[in-house]
Each structure stands twice: as C-alpha cells, then as structure tokens.
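A.B. asks: Below is the structure I would like to discuss, written out as structure tokens.
The values are calculated or read from the model by the stated rules, or taken from the named source; none is laboratory data. Only a predicted model underlies this, so the values are computations on that prediction, with no experimental measurement involved. As a convention, Cβ positions derive from the backbone with ideal geometry for all residues, glycine included, and neighbour counts pool all protein chains shown.
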Amino acid sequence: MLTPLPRVKTGVPGLDDLIEGGLPRGSITTLSGDTGCGKTTFGVQFLYAGASKYEENGLYISFDEKRRQMYRNMGRFDWDLQKLDRDKKIVFIEYPPFEVDQFLQQESIIRDLIDKVGIERLVVDSILPLVMVYDTEKERREGTLKVLEKMKNWGCTTLLITEGGGSITQDPQRTWVEYLSDGLIYLYNIRRKNYRERALEVVKMRGVLHETKVCPMKIGEHGIEVFPGQQLFDEK
Ligand SMILES: Nc1ncnc2c1ncn2[C@@H]1O[C@H](COP(=O)(O)OP(=O)(O)OP(=O)(O)O)[C@@H](O)[C@H]1O
Ligand SMILES: [Mg+2]
C-alpha cells in the first residue's frame, strides 16, 4: 500500500470528508461553475481557513474582480480579511486581463513573493485569460501545460477558477485546464421550478478515493458548507 498523500484542509465544512481529509498537498484543482455559484467565495474561504486556522499563508491572483470590489463582496461573510491582509497572511494581486503577457513573463516575481512570504495556498481567479491567448488547439494544449507546470513548481496547493456550466464541456480553453489539473470540482446552482438549489461535485481527484455524489451545498454568513449526508431536491 502507498502512504496516503499529505492533505490540506479546504476550510469548507463537509468537503474534506468527500476527499479523504483534504486536497493533496501541492496539487492543482480546478473549480468550475456558472456565474454566481460561489467560486470566488470558495477560493477566499480556502485562503481564509489556511491563514486563520492552519498557519498557511495564501496568495490570491485575480484577473477578474478588483481588490476593493472583492473585499466588499467578501465583507458579507464573518471573515476578518483586512487583518490577514495587513499581516501578509493573505496577499491579493490584481492583474487587468490585458496584462496577461506581463504575468507570464514576470513569473519570477510571483515565485519570489511565494518564497519570501511563505505562501502555501494559491488561488487564480480566473485562469481563463491566461490560456485564451493561444490560437490553435496544439498551442493551447502546450500553453496550458506550460502554465500549469510553472504553477506546480511554485509548490503551493492551488485552486484554479474557470467559469462555465458544471458539465464536461467542449469549450476548448476550459477543457485543457480541466484535463491537465490533478483535481476537478464543479459548483452548481440548479433551477427547479421556481427556486434554485446549490450543489458541489468532486469530478476527479488524482490519487484520491473520492465520493462521486453531487452533494447539496449552502452559502451563509460563514461561507460555503457542503452536506454529504443530504439529498438534492430531485431525489427527495
Ligand atoms: N452572507 C451570504 N449569505 C448567503 N449568500 C451569500 C452571502 N454572501 C454572498 N452570497 C451569495 O454568494 C453567491 C456566490 O458569489 P461568488 O461571487 O462567490 O460567485 P462566483 O461563482 O465567483 O461568481 P462570478 O462567476 O460572477 O465570479 C452570490 O450569488 C451571493 O448571492
Ligand atoms: Mg467570482
């Protein structure tokens, strides 16, 4: 028997039980889902838990939300992000999408920051601008592989956010990110008659015997919570 991979607690109640105790340390997991389904919340909660409970500093690289806007939105949760930001336990870097080239060329700046601050958790929200710069399928696959390899070398436990509905997709940009990551989690906000229900599914996690059920999920003042023991509405 192989010794189990060391785990990193996600900080999302209910989720670690689905994946044998947490994300494999140093792995790259893609988090996909439609707009408003909780991807940014999940990413920030992962960093918040690391910084506040597990003594693991986090880096949030955003190509999407602006820093002020992100802090305002996340202010709806009972997390003291400002203090962790001041203490450099969570570092937030914002790149406008047109600075993607710069990001790819300045990789050593990020790597130095990771070493200097002792970053162990990384969230990229969203990874898509980084892989949309390629024209052909071949370039896209190779480019995505290169970006992911760079990030793997940074040594952090990483979440890559992509947007788009929770199903295996033909979207060429997203497909390669999903294929080449170690793990894949889908978030859903499913419409049923006149209301919606949130759910989470672990689609893959290399080297992990994970639960295959689509589990109900809630967003409340403490953030995201997953309920592995409950059923979604259509099974009630
Ligand atoms: N305190 C709260 N209690 C319950 N729900 C909340 C609370 N704060 C925010 N939400 C909800 O959380 C949802 C998820 O937002 P989030 O920004 O994480 O989604 P997202 O998947 O990143 O969306 P986008 O694709 O637009 O970036 C929002 O639709 C909002 O209604
Ligand atoms: Mg978001």
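A.B. asks: Being among the hydrophobic types (A, V, I, L, M, F, W, C) and more than 18 Å from the chain's Cα centre (by Cα) is the filter here, so list the residues in the range 192-213 that pass it.
C.D. replies: The answer is LEU209, and nothing else.
A.B. asks: Pairs please, first residue from the range 157-169 and more than 17 Å from TYR60 (Cα to Cα), second anywhere and at pLDDT below 85, Cβ atoms under 7 Å, 6+ apart in sequence or on different chains.
C.D. replies: GLY164/ASP171; GLY164/ARG174; THR169/THR175
A.B. asks: Listed residues GLU221, GLU139; which is surrounded by fewer than 21 Cβ atoms within 10 Å (Cβ to Cβ), modelled with pLDDT of 90 or more and more than 27 Å from ALA49 (Cα to Cα)?
C.D. replies: Unique residue meeting the criteria: GLU139.
A.B. asks: Within the range 116-126, can one find any residue that is among the β-branched types (Val, Ile, Thr), within 14 Å of ligand 2 (Cβ to nearest atom) and in contact with a Phe, Trp or Tyr (Cβ under 8 Å, 6 or more places away or on another chain)? Spell out the reasoning first.
C.D. replies: Filtering the range 116-126 down to residues among the β-branched types (Val, Ile, Thr) leaves 117, 119, 123-124.
Remaining after also requiring within 14 Å of ligand 2 (Cβ to nearest atom): 123-124.
So of that shortlist, the ones also in contact with a Phe, Trp or Tyr (Cβ under 8 Å, 6 or more places away or on another chain) come out as 123-124.
Yes, because at least one residue in the range 116-126 is among the β-branched types (Val, Ile, Thr), within 14 Å of ligand 2 (Cβ to nearest atom) and in contact with a Phe, Trp or Tyr (Cβ under 8 Å, 6 or more places away or on another chain).
A.B. asks: Answer with yes or no whether GLY43 is within 22 Å of LEU187 (Cβ to Cβ), buried (at least 21 other Cβ atoms within 10 Å of the Cβ), within 14 Å of ligand 1 (Cβ to nearest atom) and not basic (Lys, Arg).
C.D. replies: Values: within 22 Å of LEU187 (Cβ to Cβ): yes; buried (at least 21 other Cβ atoms within 10 Å of the Cβ): yes; within 14 Å of ligand 1 (Cβ to nearest atom): yes; not basic (Lys, Arg): yes.
Considered against the rule, which asks whether it is within 22 Å of LEU187 (Cβ to Cβ), buried (at least 21 other Cβ atoms within 10 Å of the Cβ), within 14 Å of ligand 1 (Cβ to nearest atom) and not basic (Lys, Arg), GLY43 comes out as yes.
A.B. asks: Also, quick follow-up: Is it true that some residue in the range 70-80 is touching a Lys or Arg at 6+ places or on another chain (Cβ under 7 Å) and farther than 24 Å from PRO228 by Cβ?
C.D. replies: Narrowing the range 70-80 to residues touching a Lys or Arg at 6+ places or on another chain (Cβ under 7 Å): none.
The answer is no; no qualifying residue exists.
A.B. asks: If only one of GLY33, GLY38 is over 26 Å from LEU145 (Cβ atoms) and either of a type in the set (Gly, Ala, Ser) or over 13 Å from the mean Cα position of the chain (by Cα) (or both), which one is it? It would help to see each step written out before you state the result.
C.D. replies: Values: GLY33 fails: over 26 Å from LEU145 (Cβ atoms).
Selected residue: GLY38, the only one of GLY33, GLY38 that is over 26 Å from LEU145 (Cβ atoms) and either of a type in the set (Gly, Ala, Ser) or over 13 Å from the mean Cα position of the chain (by Cα) (or both).
A.B. asks: Does VAL8 meet the test of being surrounded by 15 or more Cβ atoms within 10 Å (Cβ to Cβ) and away from ligand 2 (no atom under 16 Å from the Cβ)? Outline the logic, then answer.
C.D. replies: Working: surrounded by 15 or more Cβ atoms within 10 Å (Cβ to Cβ): yes; away from ligand 2 (no atom under 16 Å from the Cβ): yes.
In short, yes.
A.B. asks: Collect the residues in the range 183-201 that are under 19 Å from ARG7 (Cα atoms) and in contact with an Asp or Glu (Cβ under 6 Å, 6 or more places away or on another chain), keeping them in residue-number order.
C.D. replies: LEU184
A.B. asks: I'm checking my understanding of the structure. Among residues of the range 199-218 that are of a type in the set (Val, Ile, Thr) and part of a strand (DSSP E or B), which one is surrounded by the most Cβ atoms within 10 Å (Cβ to Cβ)?
C.D. replies: Step one: filter the range 199-218 for residues of a type in the set (Val, Ile, Thr), giving 202-203, 208, 212, 214.
From the residues that got through so far, the ones that are part of a strand (DSSP E or B) too are 202-203.
On the way: VAL202: 21, VAL203: 17.
Among those that are of a type in the set (Val, Ile, Thr) and part of a strand (DSSP E or B), it is VAL202.
A.B. asks: Do we find that THR35 is in contact (Cβ under 8 Å) with a residue 12 or more places away in the chain, surrounded by fewer than 17 Cβ atoms within 10 Å (Cβ to Cβ) and either within 13 Å of ligand 2 (Cβ to nearest atom) or under 22 Å from LEU187 (Cα atoms) (or both) in this structure? Reasoning before the result, please.
C.D. replies: Numbers: in contact (Cβ under 8 Å) with a residue 12 or more places away in the chain: yes; surrounded by fewer than 17 Cβ atoms within 10 Å (Cβ to Cβ): yes; either within 13 Å of ligand 2 (Cβ to nearest atom) or under 22 Å from LEU187 (Cα atoms) (or both): yes.
The answer is yes for THR35.
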